[in-house]
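Notes follow the structure.
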Amino acid sequence: MGRVENKVALITGGAMGIGRACAERLASEGAIIVITDVIDEVGMSAVDAITRAGGQASYLHHDVTSEDEWIKILQQIRQLHGRLDILVNNAGIAVRASIFEMTMAQFQKQNAVNLDGVFLGLKHGIPFMAEKDGGSVINVSSVAGLMASPGLSAYAMTKGGVRLLSKSVAKECAALGNGVRVNSIHPGIIETAIWNKMDANPEGGENQADVETIAELAVPGGILGKPLDIANGVLYLASDDARYVNASELVIDHGLSA
Ligand SMILES: NC(=O)c1ccc[n+]([C@@H]2O[C@H](COP(=O)([O-])OP(=O)(O)OC[C@H]3O[C@@H](n4cnc5c(N)ncnc54)[C@H](O)[C@@H]3O)[C@@H](O)[C@H]2O)c1
């Protein structure tokens, strides 16, 4: 019996990186996975990998910034599985630029994915989860949601927003007694493609990120994290082992923010 056996789990931005690791880890413990993303071929190959490993998964196209698409994919999950037990609001982007360099369009795009996307997932996902036995929502924030992040100031704003949105909605759910727990998870420096996509100015020279060097300089012990390190935390929060864990923040950063 897996730790999340037969629970239906939606993972946004699950085609690659941390989201994909969450999908694979939850599937390995018996969850029925729905990966959503905007990169369809990559998302479908993630589903193939889970299926080949003996898990259950499907893929749906889903831009988290669109309310219509949220409503549509939740209807599709209702038709496919009749319930939703785990929601991992993972889709996110990072724009590396000081606020003096950042354009309004970049600021708004980042807010749309990182904040609107989480808002819409909570607003539309939780009532569906509450129809059956409740469930667990895990919102992927960051260490940048806990501490100042010069050069990523607007990103930090979105991630700080996710942290307090999570805690507040957790208390709204508890007051309703709807059985839904809401927590945030705060990765440190994790080896994913996000680090290659974040430069607002791709010609940025010294602005370019080398994730191994950043980890060496910033993380106690210099250790770079892996997506699986975060997926293991998501699995814990999703499982009934975390029955009494609500409105909390799970920091997985090897001491970076300590
Ligand atoms: N990698 C790190 O060091 C790190 C640290 C802290 C927090 N995070 C957070 O972890 C989450 C996952 O990031 P990652 O590192 O795996 O990055 P990633 O770029 O590997 O994966 C992000 C995924 O989100 C998807 N996505 C982007 N915009 C989307 C949209 N509008 N709708 C749906 N999907 C969309 C991408 O296609 C991609 O598959 C993000 O919220 C990120 O902010 C990452």
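The values are calculated or read from the model by the stated rules, or taken from the named source; none is laboratory data. None of these values were measured; they are calculated from a predicted model. Every residue, glycine among them, receives a Cβ derived from its backbone with ideal geometry; neighbour counts consider all protein chains shown. When the accessible area is computed, the model is the full protein with side chains, heavy atoms only, and any ligands, DNA or RNA have been set aside. Shrake-Rupley method; radii C 1.70, N 1.55, O 1.52, S 1.80 Å.
I'd like the GluC sites (Glu not before Pro) in region 153-258 restricted to DSSP loop residues with at most 16 other Cβ atoms within 10 Å, sorted by number.
Answer in residue order: Glu191, Glu203.
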(message) For region 92-189, compute Rg over Rh where Rg is the Cα radius of gyration and Rh is the Kirkwood radius from the inverse mean 1/r over Cα pairs.
(response) 1.04
(message) Among the listed pairs Lys72/Lys109; Lys159/Lys197; Lys171/Lys197; Lys171/Lys226; Lys7/Lys226, which have their C-alpha atoms separated by more than 28 angstrom in this model?
(response) Lys171/Lys197; Lys171/Lys226
(request) Using a 1.4 Å probe and ignoring any ligands, DNA or RNA, find the accessible area of Lys226 and quote it in Å² to the nearest 10. (result) 110
(request) Calculate the dipole size of region 81-161 relative to its Cα centre from +1 charges on Lys and Arg beta carbons and -1 charges on Asp and Glu beta carbons; express the result in debye to the nearest 20. (result) 100
(message) Can you pull out the GluC sites (Glu not before Pro) in region 1-97 whose DSSP state is coil and whose Cβ has at most 15 other Cβ atoms within 10 Å?
(response) Glu5
(message) For region 97-158 and region 42-81, what is the centre-to-centre distance using only Cα atoms, to the nearest Å?
(response) 20
(request) Between Ala105 and Ser168, take the C-beta separation as r, use R0 = 25 Å, and let me know the FRET efficiency to the nearest 0.05. (result) 0.30
(request) For the chain, return all DSSP H helices satisfying: extent of Cα atoms along own axis at least 24 Å; mean Kyte-Doolittle hydropathy at least -0.5. (result) 153-176
(request) Quote the relative contact order of the chain in percent (integer), defining contacts as alpha-carbon pairs under 8 Å separated by 6+ residues. (result) 20
(request) Please work out how much accessible surface Met147 shows to a 1.4 Å probe, ignoring ligands, DNA and RNA, in Å² rounded to 10. (result) 70
(request) Go ahead and collect, in residue order, the members of region 21-35 whose backbone nitrogen is under 15 Å from a label point 7 Å along the Cα-Cβ direction of Ser45. (result) 21
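Give me the Kirkwood hydrodynamic radius of the chain in Å, from all C-alpha pairs, to one decimal place?
Here the Kirkwood hydrodynamic radius works out to 18.2 Å.
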